Each structure stands twice: as C-alpha cells, then as structure tokens.
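Reviewing the structure listed below.
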Amino acid sequence: MSLSGLTLHQWRSFDLPAARLLAREAAHRVGGRVTAVDTVEHLGAPLHRARVERDGREFALIPGGPVTLGLDVDAWRPTPGQTADYAESAEQGFGCGPDLRAHLARVLSPRREVTLSTVLMAVDSEPLSEPPAAVPAALAARGLRMPDPDEWEHACGAGARTLFRWGDECPLDRIPYGDDTGPHRLPSAFGPRIAHDTYDMELTSDPTAVYGGDGGESVCGGYGTLLAWLPLATAHRDPSMAEFVYGPDGEDLVDGLSVRPVLTL
C-alpha cells in the first residue's frame, strides 16, 4: 500500500499495532521519529492519532483519500439562539445582511468532494517571520511546504461535516477569546491544535484562502457572539480577509499571521 495513498477509511480499519507500524514508516520517510500513537473516539468510532517529530517540530499524520469538505449551507439548521444572536449583529450593521445563511455562504467554502494524499502536518502553526509572499520559498528551504485549502480543512475537521470541528453549535454565553474551557481548546481529532484562536490567521497555498481566525477583528469590533466564533469554523475563509493580507496594505503584515508546515510523504 502506498503511504501517500492511505485513506481515512483504511486508517480507521487498522488495529493499534498496525497503525504504529505505519506511523514508523512515515517517520522513517521524513527522517523523523514517532512520538505518540493513540486512539480517540471520533464521529462514533475509534480514530488513531499519530505524531512524528522532525527537527524539533511535531507533525500529525493526516490520512487522505476521498473526503467531503465545506459546509452545505442549505442543509445546515441554525439553533434559535444562533439565529437570534446573528439577528442582533445584523441590526448593528455586522454580517452580510439579515440572512444568516447568506452570510455563511459568503464566508465559508462550499460543500465539495475531493481526494487528498496522506501528509504530515505540523501540530502547531508557525508564526511568520517574513512577508506572506516569501513564505513558500522559506518553507521549501527546510523541506516543507504550505498546506492547500483542502488539506487544511481536512486536518481541521477530520471528516466532520459540521460547522465547527466539534459540532454545529458554539457557546453563546461567551466569546472564544480568553475562554480556556471552550471546545476550541481541544485539538482536532487528528491531533493538530487548529482553529483555536481567532487572532491567529493561517495562510495556505491559495492566496484567497486564509483560515483559523480573522486577526481578532470580530472580537475587537464587537460583532456579536456567533460572529466572534465563526472564524473558527472549519470552512471559514472570508475572502475579504485574504484580500487584505495579500493586498498592498498587508504586504508587510507579519503579526497575527502563521503557517502550518506540511511534510509530503
């Protein structure tokens, strides 16, 4: 079996000893070592998590294959609390008009079917030390690359088809910033600490897709509780934020931006 062709379905079918053997093979290919292989409950079934360390940085094994990404906005059903919270935001002039679904359609990627290769993706994002345009070359010099949008979403959602990686709901009695007990503090089912801080915007190989946060804009602007959580949605890639990051005003922007390095298998 090709390691890069490993599917999520196959990965879930292995017993733990077989998963450990495959993790060791992945580590060997990149000149690293396995630091952990365990099993968690995810979407009603066991899911293995494997971590590999290379050059002092930990990477999570992200199995690929055919996966479903994005959010089907038409099928999604907001709770009454979410609808009411967004209505309050819309009355204050925030969001994309009075319709919550219309707003989600603008800032979230659409539902789609893709096929991905298995990769190793950094457990933690890496703060930028150079302008966004210089990131690909800087990573390539270290044998790394940027994730593409589909890889990022898959690493975050781990097969979940919900608004957030933990489900369709978020706490509406508090905003995520400063909350150390919320669901965003838990890692993705694959292991990365991802979509956990709205102040952190993660770049991908697509300049139109920036994930994981909005630089704190929604929190500082007082947009409302749901809109403060929304940048942590798995498929959230507000085009206006990417336009700012890669536009003339963002040319020298480094603070608040990060990248999640990928090792190709």
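Got a number for residues in the stretch 225-255 being closer than 25 Å to residue 187 by Cα and either at pLDDT below 85 or part of a loop (DSSP other than H, G, I, E, B) (or both)? Can you show your working first?
Here is the first cut: in the stretch 225-255, the ones closer than 25 Å to residue 187 by Cα are 225-238, 241-242, 254-255.
Cutting the leftovers down to either at pLDDT below 85 or part of a loop (DSSP other than H, G, I, E, B) (or both) gives us 233-235, 237-238, 241-242, 254-255.
The number of residues fulfilling the criteria is 9.
Return a yes/no flag: does the stretch 77-87 have any residue that is more than 27 Å from residue 237 (Cα to Cα), hydrophobic (A, V, I, L, M, F, W, C) and at pLDDT 95 or above.
no
Which condition from (1) farther than 16 Å from residue 204 by Cβ; (2) in a loop (DSSP other than H, G, I, E, B) is the one that residue 103 breaks?
Among (1) farther than 16 Å from residue 204 by Cβ; (2) in a loop (DSSP other than H, G, I, E, B), residue 103 violates only (2).
Looking only at the stretch 106-147, how many residues end up being in a strand (DSSP E or B) and more than 19 Å from residue 200 (Cβ to Cβ)?
9
Exactly one of these conditions fails for residue 49: (1) of a type in the set (D, E, K, R); (2) without any contact (Cβ under 8 Å) to a residue 12 or more places away in the chain; (3) within 16 Å of residue 6 (Cβ to Cβ). Give me its number.
(2)
Working carefully through the options 100, 108, find the one that is touching a Phe, Trp or Tyr at 6+ places or on another chain (Cβ under 9 Å) and within 16 Å of residue 236 (Cα to Cα).
Working: 108 fails: touching a Phe, Trp or Tyr at 6+ places or on another chain (Cβ under 9 Å).
It is 100.
What residue, among those in the stretch 1-14 that are of a type outside the set (Gly, Ala, Ser) and in a helix (DSSP H, G or I), is surrounded by the fewest Cβ atoms within 10 Å (Cβ to Cβ)? Step through it out loud before you land on a result.
Restricting attention to the stretch 1-14, the residues satisfying the condition of being of a type outside the set (Gly, Ala, Ser) are 1, 3, 6-12, 14.
Restricting the remaining residues to those that are in a helix (DSSP H, G or I) gives 8-12.
On the way: 8: 20, 9: 12, 10: 15, 11: 21, 12: 17.
Of everything passing the filter in the stretch 1-14, 9 is surrounded by the fewest Cβ atoms within 10 Å (Cβ to Cβ).
Working carefully through the options 122, 140, find the one that is under 26 Å from residue 2 (Cα atoms) and over 16 Å from the mean Cα position of the chain (by Cα).
Details: 122 fails: over 16 Å from the mean Cα position of the chain (by Cα).
So the residue among 122, 140 that is under 26 Å from residue 2 (Cα atoms) and over 16 Å from the mean Cα position of the chain (by Cα) is 140.
Would you tally the residues in the stretch 129-160 being modelled with pLDDT of 95 or more and open to solvent by 60 Å² or more (accessible area, probe 1.4 Å)?
Number satisfying all stated conditions: 6.
Is it the case, given these coordinates, that residue 223 is under 17 Å from residue 106 (Cβ atoms) and over 17 Å from the mean Cα position of the chain (by Cα)? Walk me through it before giving the result.
On the way: under 17 Å from residue 106 (Cβ atoms): yes; over 17 Å from the mean Cα position of the chain (by Cα): yes.
In short, yes.
Could you grab me the full set of residues in the stretch 171-205 that are free of Cβ contacts under 8 Å to residues at least 60 places away in the same chain, in contact with a Leu (Cβ under 8 Å, 6 or more places away or on another chain) and open to solvent by less than 20 Å² (accessible area, probe 1.4 Å)?
Selection gives 176, 184, 195, 198, 201.
Got at least one residue in the stretch 206-217 being under 30 Å from residue 247 (Cα atoms), open to solvent by 30 Å² or more (accessible area, probe 1.4 Å) and outside any loop (DSSP other than H, G, I, E, B)?
Yes, the stretch 206-217 contains a residue that is under 30 Å from residue 247 (Cα atoms), open to solvent by 30 Å² or more (accessible area, probe 1.4 Å) and outside any loop (DSSP other than H, G, I, E, B).
The values are calculated or read from the model by the stated rules, or taken from the named source; none is laboratory data. Every value quoted in this text rests on a predicted model; they were computed, and no experiment measured them. Neighbour counts are summed over all protein chains in view; Cβ atoms, including those assigned to glycine, are modelled from backbone coordinates with ideal geometry. These accessible areas exclude ligands, DNA and RNA; they are computed on the full protein's heavy atoms, side chains included. Shrake-Rupley method; radii C 1.70, N 1.55, O 1.52, S 1.80 Å.
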